[in-house]
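Values in this text are rule-based calculations from the coordinates and carry no lab data. These numbers were taken from a predicted model, which means no experiment stands behind them. Cβ placement follows ideal geometry from the backbone for every residue including glycine, while neighbour counts extend to all protein chains displayed.
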């Protein structure tokens, strides 16, 4: 079989198709071992990528072909555009964080004297707004949890429910925001414009969000304490920062007018930086300092960029060795229609999200394979991107070893709301949005709801040819 593949232009590997498979096995195996040992940061996973590259070098017979495969993966046009979008998204996230927007929102809530029963739904809404505006689930959690968890504890709220609401709201924006790394990765891997994906994804996200809101209201009242929010918990110093909400709104407007994600981000960031200067939150010196906004924005995205670089390189290694084609051929035995292709692709990203404990990593890894799986059936590229992202986020945030879940558990301990040893296992069952996303997208796959087949004219217009 390997001889036949070589004749088609694939590189020869020691051990035949098994040798071609080894870089993939080493990368996934290393990730699983590190996750089991508690090393679940994306930085840890860089090592897995390096091990995969070393393995690829050892199994390739022609080292020049191996080097060409490395260059092909590193110079992939999709990866290049991802880098640009990720860096710009990082700057926008830092602008909104520096603006103290969260403090302004929290002050408004405190002034309204909200009851303890409403804290879970308010945490969900706040994190939904922040994660959608910034495209960062981690940003939404790290800015909301340190304030809301102590407040919830003092008011007698159920901390598990509040943590579940925070992680769920953070997942909402991670799945939907046009500047989210998962949205960018899922869109570009399926060769479709981000704006089109966000438009088509909205109905799924809103249904899952509505289900979540109902549950947080019902359980909020059922499990509430007796307190009310004290307006002295947060002061009104940053209430004027609410004006920074204009930035995410501007991004949406520009994209809807056909401006493109990069253009929308750049224009909004220019305005955002000027606003930071006017409000006195930043100066030209702090903006460009070695530990300033731009540096922190870019360095904060490097973790994901480097890991995704290794994924593109690894995919190129196994692709040039014929494994990707062999894997696709095997999967195509079960994917003989648009529906069955969606089932196989959905199962793949669901399993990988659990195995890697990260929806983002699973989306980046599965994206190219799922694109080739869906391509012959001309399944709407926006739909395949939605399935990829919806199930990746749906399953990824339900795994207790997910980095975001672990981080939130740490915040709860630091806030004094729970005892040492508190685990994400206690609150992942209250992450209703991720559960709803999982159910909504599997319902769509199994019933065909929302499925659309693209015409040759649509594909040709985007420069795509399907044989």
Revision key, fill the gap. So the FRET efficiency between residue 263 and residue 196, C-beta based with R0 = 22 Å and rounded to 0.05, is 0.90
Review point. Rg and Dmax of the range 372-413 over Cα atoms: what are they, in angstrom?
Key: 15.5, 50
Review point. Roughly how compact is the range 233-357, stated as its Cα Rg over 2.2 N^0.38 Å to two decimals?
Key: 1.62
**Study point:** Fewest-first sequence of 442, 46, 449 by Cβ atoms within 10 Å of each Cβ
**Key:** 449, 46, 442
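Where a ≥ b ≥ c are the square roots of the eigenvalues of the C-alpha gyration tensor, would you call the range 256-319 rounded, which needs a/c under 1.5, or, failing that, prolate if a/b is larger than b/c, or oblate? Could you put the intermediate results ahead of the total?
Details: a/c = 5.41, a/b = 1.66, b/c = 3.26.
Cα axes put the range 256-319 in the oblate bin.
Can you give the percent of C-alpha pairs in the chain whose distance is more than 30 Å?
Working: 50404 of 108811 pairs.
More than 30 Å apart: 46 percent of the Cα pairs in the chain.
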Practice item. Return the distance in nm (one decimal) between the two label points of a simple spin-label model at residue 54 and residue 336, each offset 7 Å from Cα along Cα→Cβ. Key: 4.4
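By counting other Cβ atoms within 10 Å of each Cβ, how are 291, 181 ranked from fewest to most?
On the way: 291 8, 181 24.
If I rank by nearby Cβ atoms, fewest first, I get 291, 181.
Eigenvalues of the Cα gyration tensor times 5, then square-rooted: what semi-axes does that give for the range 150-191, in whole angstrom, largest first?
Numbers: eigenvalues 217, 12, 5 Å².
For the range 150-191, the ellipsoid semi-axes come out as 33, 8, 5 Å.
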Check your understanding: Ratio of Rg to Rh for the range 103-158, alpha carbon only, Kirkwood?
Key -> 0.95
Revision key, fill the gap. Expected sort for 267-274, 61-68, 344-351, 126-133 on mean C-beta neighbours within 10 Å, highest first, is 126-133, 344-351, 267-274, 61-68
Review point. How many angstrom separate the Cα center of the range 398-421 from the Cα center of the range 331-352?
Key: 34
Exercise for review: Between residue 407 and residue 249, with labels modelled 7 Å along Cα→Cβ, what's the label distance in nm to one decimal, could you check?
Suggested key: 2.8
Practice item. Normalising by the residue count of the chain, find the relative contact order in percent from Cα pairs under 8 Å and 6+ residues apart. Key: 23
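Which order results if 183, 263, 401 are arranged by neighbouring Cβ count within 10 Å, fewest first?
Ascending number of Cβ neighbours within 10 Å: 263, 401, 183.
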Review point. At each listed q (0.20 Å⁻¹), what is the log10 of I(q)/I(0) that the Debye formula gives for the range 297-397 modelled as equal alpha-carbon point scatterers?
Key: -1.03
**Study point:** Helix-only CD estimate at 222 nm, as mean residue ellipticity for the chain, using -39500 (n - 2.57) per DSSP H run (n ≥ 4)
**Key:** -24000 deg cm²/dmol
Practice item. With a point put 7 Å past each Cα toward its Cβ, work out how far residue 457 is from residue 18 in nm, to one decimal. Key: 5.3
